[in-house]
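A.B. asks: Sharing a structure with you now.
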Amino acid sequence: MACWGYKRESGPVFMGAGVIIHEHAILTYHGIGIMHKQWPEGDQVHGFVLYDTEFCKFGSRAKEVTWSRGMSLQNNHFVKVLKTYPQLAIIKSREPLRSSSVMPLPQTRPNIQARCVVIGWKHLLIDELQEIEVEVWSYERCQTNITTLFNKALCVYMHEPCLLLNGGEPLICDGTLAGIVSSEFPRCGNSSLRICADVFKFREWIHENLRLLGISKSSKQKPFPLFAILVKAIVPKICNSFLYKI
């Protein structure tokens, strides 16, 4: 699990979450590359990724790598993308992501009857990494609520408001990566229905753009069980608390 953004002279800009799919790749929602002149001329901008951490902020024992290249499913110059458009992007890290929680791409369609969770930060800079239990809706059911929905979408219904999810969080069903949560502009307010890109249906796009970024299909890292994504970050805190009580 990771979060990413840009470092500017005025301070860091946190953009959203992402999931590690390769030792040099993060899968996330639509993002703008730092090479597309969106910043004031002369402003020094560098991309960063923080990973394997319970908090998405600097100085939190997070591992950090840098990045400067990526591929977005949408036009890279669009700062804002409509929520009904598919949102998916790959960020290529300059340094290897030395993580034990690499998620493989799905080999089958997601089982929407399975136990499904979104893993992320309810508030990117404040809350701890956590599982958020969700209900996955069929495309037909979702389309009755969002008539302009793109055809490679999944919808998740959360039992609490989705206001604070930034986008890029992975949807995991029975331990398998199923979707990537889209960002919304404006925020979804009190609605608990959120759109995801169906990762299974975008596998060809992902493989092709990994190749264009010079990233091989195989990774030196081995896939790790879902619980390790959370345990890796949470166990040290539990142990420290136990030792304190002793």
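A.B. asks: Can you name the residue in region 183-221 that is in a loop (DSSP other than H, G, I, E, B) and modelled with pLDDT of 90 or more and, of all such residues, is nearest to Tyr29 (Cα to Cα)? Give the steps one after another, and end with the answer.
C.D. replies: We begin by selecting, within region 183-221, every residue in a loop (DSSP other than H, G, I, E, B); these are 183-192, 213-221.
Subsequent filtering for residues that are modelled with pLDDT of 90 or more retains 213-215.
Values: Leu213: 17, Gly214: 20, Ile215: 19 Å.
Top of the filtered list is Leu213.
A.B. asks: If you don't mind, there's one more thing I want to ask. From the set of residues in region 55-77 that are in contact with a Pro (Cβ under 8 Å, 6 or more places away or on another chain) and more than 19 Å from Ser99 (Cβ to Cβ), which is modelled with the highest pLDDT?
C.D. replies: Per the criteria, the residue is Leu73.
The values are calculated or read from the model by the stated rules, or taken from the named source; none is laboratory data. Quick caveat: nothing in here was measured; it's all calculated off a predicted structure. Ideal geometry is used to build each Cβ from the backbone, glycine not excepted, and the neighbour counts take in all protein chains shown.
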